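K.L.:
I am attaching a structure below and will ask some questions about it afterwards.
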Amino acid sequence: MVQSGLQTAVSLIYPPRCLGCGGTVDDDFGLCGPCWRDTPFIGGSICDTCGTPLPGDDLSDTLKCDECMRTPRPWKQGRAALIYRDGARRLVLALKHGDRQEIAQPAALWMSRAIKDLPQDNMIIAPIPLHWTRLLKRRYNQSGLLAQALARHTGLPVCQDLLVRQKRTQPMEGMTREVRFTSVKGVISAHPRRRHRLIGRPVLLVDDVMTSGATLSAAADACIAAGSGPVYVVALARVARDT
């Protein structure tokens, strides 16, 4: 009863704020009505490999988008919670560059709902790694925050340094698809002292945004080369064409 009273007092002094616009909302880490409508959640027909939305009402788990049919993926299945535009894009950029680390908790909840149909027995979660120089500058890995929060929502174990990025690569904005894949080829590997944790078991790779899938492919290749079981991927947001 005392705790309830304290929570009420705190909520009166610091009312819950919308993650998008900062307006007051009913619950912590929520979105107000206008921001919710401006944040495109993925639902309905999707590509089973990368999670991008597809036209039509077919909900089978064998659908593939044109990009995944042209480009075989090293992972088995992939999902994303949001389409990377409008309110979703602002949330991702706020998490990634705006030090809005509180976004990771609700974002991971949305991601946990996106992967609820994936097999999770004996699965381990691993974030896409940052090079140590970029991590030093940014102070945190946004994919690591999402992975940690996703572990809390799903009950799955997480290993933050299961993978390492051995080389610092240039930002991919503006790169062609071919250059993206070339620039990250071979730059990610399994941590030599963590490799035993992935041998023979499914791995769920976590990233903030999936564009071409180049970085996730490099990470999946590293897991498979180290002896993992099937690899799955989930991103907070998917860059989707013609949506």
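Laboratory data are not the source of any read-out in this text; all were calculated from the coordinates shown. For clarity, every value in this text was computed on a predicted model and none was experimentally measured. When we count neighbours, we look across all protein chains shown, and the Cβ atoms used for this are built from the backbone with ideal geometry, even at glycine.
K.L.:
I need the chymotrypsin sites (Phe, Trp or Tyr not before Pro) found in region 52-142, filtered to DSSP loop residues with at most 14 other beta carbons within 10 Å of theirs.
P.N.:
Those that pass, being in a loop and sparsely packed, are 140.
K.L.:
Tell me the angle of helix 104-114 to the major Cα principal axis of the chain, expressed in degrees between 0 and 90 and rounded to the nearest ten.
P.N.:
60 degrees
K.L.:
Taking R0 as 45 Å, what's the FRET efficiency between residue 133 and residue 60 from their Cβ-Cβ distance, rounded to 0.05?
P.N.:
Working: r = 44 Å, r/R0 = 0.98.
Rounded to the nearest 0.05, the efficiency is 0.55.
K.L.:
In addition: Can you tell me the length gained on complete extension of the stretch residue 176 to residue 113, counting 0.36 nm per residue apart and subtracting the Cα distance?
P.N.:
Roughly 19.5 nm would be gained on extension.
K.L.:
Can you run the Rg to Rh ratio on the chain? Use alpha carbon positions and the Kirkwood inverse-distance Rh.
P.N.:
0.98
K.L.:
Kindly list the residues of region 19-45 that lie in the label zone of residue 152, defined by a backbone N under 15 Å from the point 7 Å along the Cα-to-C-beta vector.
P.N.:
28-30
K.L.:
Apply the Karplus parameterisation 6.51 cos²θ - 1.76 cosθ + 1.60, with θ equal to phi minus 60°, to every residue of region 219-229 and state each ³J(HN,Hα) to the nearest whole Hz, in sequence, with x for glycine and proline.
P.N.:
5, 5, 4, 5, 5, 5, 5, 7, x, 6, x
K.L.:
OK, next. Greater than 24 Å separation of Cα atoms is the criterion. Which listed pairs, 96/137; 116/185; 64/116; 137/167; 76/116; 116/167, meet it?
P.N.:
As for pairs spanning more than 24 Å Cα to Cα, those are 116/185; 116/167.
K.L.:
Along region 85-95, what does the Karplus equation 6.51 cos²θ - 1.76 cosθ + 1.60 (θ = phi - 60°) give for ³J(HN,Hα), rounded to whole Hz, x for Gly and Pro?
P.N.:
Those phi angles translate into 6, 6, x, 5, 4, 5, 5, 4, 5, 5, 5 Hz.
K.L.:
Something else about it: Mind jotting down the distance between the C-alpha centroids of region 71-137 and region 153-224, whole Å?
P.N.:
Computed from Cα coordinates, the inter-centre distance equals 12 Å.
K.L.:
Between 0 and 90 degrees, rounded to the nearest ten: what's the tilt of helix 2-13 against the longest Cα principal axis of the chain?
P.N.:
90 degrees
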